[in-house]
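Here's the structure, in structure tokens; my notes come after.
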Amino acid sequence: MKMIPTGEYKICNVQYSDRYFCMSGNREFVGHDVPHIIRLNVLNEREHLVTLLDVRSQLFIGIDTTEGKVKGYRDPHLIQLYAHDDGVRYIIYERTDFNLCYLKDGGNWTPISIEQINGEINGDTNVSDSRLWTFERVE
């Protein structure tokens, strides 16, 4: 499976191709047409474990299972990436409880939400484009 190298990226939703990860004023990540730069740091290439840091706010992307949202945290949160069928589109998830990130609609400021799926994420996992993300390298 293809792994994204450590570096800085804009993370874009596949279904809503003009919506990117963006930190809002209340430490929640939202879909927005103005992307924030996210620093991806590969911790374990074999297992596709990474941390994701919003460069502007210096907060790490993490999953809040209580509120069902993606939020910013001072401490790193372990995130796992799964390269979906083509190796370009990725599922972003927290592997302990299989909570994956998705965008409910294409409006600016739409919170990036989480959804728990049953079972392990693999090639048979059926996900819609709103649950898939691309990583656009920033030079």
Considering only region 25-48, how many residues are out of contact with any Gly (no Cβ under 9 Å at 6 or more places or on another chain) and small (Gly, Ala, Ser)?
1
If you go through region 85-106 one residue at a time, how many are open to solvent by less than 30 Å² (accessible area, probe 1.4 Å), outside any strand (DSSP E or B) and either among the acidic types (Asp, Glu) or farther than 18 Å from residue 4 by Cβ (or both)?
1
Give me a count of the residues in region 1-52 that are out of contact with any helix residue (DSSP H, G or I) (no Cβ under 9 Å at 6 or more places or on another chain), farther than 17 Å from residue 83 by Cβ and aromatic (Phe, Trp, Tyr).
3
Would you be able to tell me the number of residues in region 107-127 that are farther than 16 Å from residue 32 by Cβ, part of a loop (DSSP other than H, G, I, E, B), open to solvent by 50 Å² or more (accessible area, probe 1.4 Å) and not charged (D, E, K, R)?
4
Within region 1-47, of all residues that are touching a residue at least 60 places away in the same chain (Cβ under 8 Å) and among the polar types (S, T, N, Q), the one nearest to residue 75 (Cα to Cα) is 24
Of the residues in region 89-124, those that are of a type outside the set (Gly, Ala, Ser) and in contact with a Leu (Cβ under 9 Å, 6 or more places away or on another chain) number 17
Kindly evaluate residue 41 against the criterion of being among the polar types (S, T, N, Q) and either part of a strand (DSSP E or B) or modelled with pLDDT of 95 or more (or both).
yes
Testing residue 29 on (1) open to solvent by 80 Å² or more (accessible area, probe 1.4 Å); (2) outside any loop (DSSP other than H, G, I, E, B), one condition comes back false. Which one is that?
(1)
Considering region 48-69, residues that are of a type in the set (Val, Ile, Thr) and either free of Cβ contacts under 8 Å to residues at least 40 places away in the same chain or assigned to a strand (DSSP E or B) (or both), and then whichever is most open to solvent (accessible area, probe 1.4 Å), we arrive at 66
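The values are calculated or read from the model by the stated rules, or taken from the named source; none is laboratory data. Just so we're clear, the structure is a prediction, and the values are computed from it rather than from any experiment. Don't worry about glycine lacking a Cβ; one is built from the backbone with ideal geometry, like all the others, and counts go over all protein chains shown. Remember, those area values only see protein heavy atoms, side chains included, never the ligands or the DNA or RNA. Shrake-Rupley method; radii C 1.70, N 1.55, O 1.52, S 1.80 Å.
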